[in-house]
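Novice: Supplied in structure tokens, the structure appears directly below.
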Amino acid sequence: MGAYDDIIHLHHPTSARHPRMPMIDRAAQFTPFQALTGYGEAIQETSRLTGEKVELTEDKKAVLDEKLRLLADTGNEAAFTYFQPDGKKSGGSYVTALGAIKKLDPLEGRLVLSDGTAIPIDDILEIEDGVSVDHPFGEEIS
């Protein structure tokens, strides 16, 4: 015979004055207490990876400048891959925007695409447009 055999099959007592707590409320009292509000988000933000901006050679910059000039003249669409700094910590990531150049302003150092996206010219890594530009040393870069 077990220690609780005499009470194991008895009905659970219910108070006449106090109604039973709903299961959802009962479960809530056992949820873990979060003493440090926002700590989990801070850990996630710290673990999020960012990249560094690639420095281009003068030759690559010259090729990109020529492509920008040609695209501004023709109005053709292209894919612009550029560095976007992270707003919360050092570094950033490379993103690609597709569109035609609406405005090219070398004095401000930026270009504006037809959809309104503003891109700093110095942050452009690659322009994919299908147009080939002759490299000063005889190589063809597209």
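The values are calculated or read from the model by the stated rules, or taken from the named source; none is laboratory data. All figures in this text were calculated on a predicted structure; none of them were measured in a lab. Here the Cβ is made from the backbone with ideal geometry for all residues, glycine too, and neighbour counts use every protein chain on show. Calculation scope for accessible area: heavy atoms of the full protein, side chains included, ligands and nucleic acids excluded. Shrake-Rupley method; radii C 1.70, N 1.55, O 1.52, S 1.80 Å.
Novice: What about Gln34, is it assigned to a loop (DSSP other than H, G, I, E, B) and either touching a helix residue (DSSP H, G or I) at 6+ places or on another chain (Cβ under 8 Å) or open to solvent by 100 Å² or more (accessible area, probe 1.4 Å) (or both)? So that I can check it myself, show each step before the final result.
Specialist: Values: assigned to a loop (DSSP other than H, G, I, E, B): yes; either touching a helix residue (DSSP H, G or I) at 6+ places or on another chain (Cβ under 8 Å) or open to solvent by 100 Å² or more (accessible area, probe 1.4 Å) (or both): yes.
Taking the combined requirement at face value, the residue satisfies it.
Novice: What's the total number of residues in segment 107-124 that are of a type in the set (Ser, Thr, Tyr) and open to solvent by 50 Å² or more (accessible area, probe 1.4 Å)?
Specialist: Of the residues in segment 107-124, the ones of a type in the set (Ser, Thr, Tyr) are 114, 117.
Next, only the ones that are open to solvent by 50 Å² or more (accessible area, probe 1.4 Å) stay: 114.
The number of residues fulfilling the criteria is 1.
Novice: Scan segment 75-90 residue by residue and report those that are among the hydrophobic types (A, V, I, L, M, F, W, C) and out of contact with any Phe, Trp or Tyr (no Cβ under 9 Å at 6 or more places or on another chain).
Specialist: Initially, segment 75-90 is screened for residues among the hydrophobic types (A, V, I, L, M, F, W, C), giving 78-80, 83.
Across segment 75-90, the qualifying residues are Ala78, Ala79, Phe80.
Novice: Which of the residues belonging to segment 45-68 are hydroxyl-bearing (Ser, Thr, Tyr) and loosely packed, with under 11 Cβ neighbours inside 10 Å?
Specialist: Thr46, Ser47, Thr57
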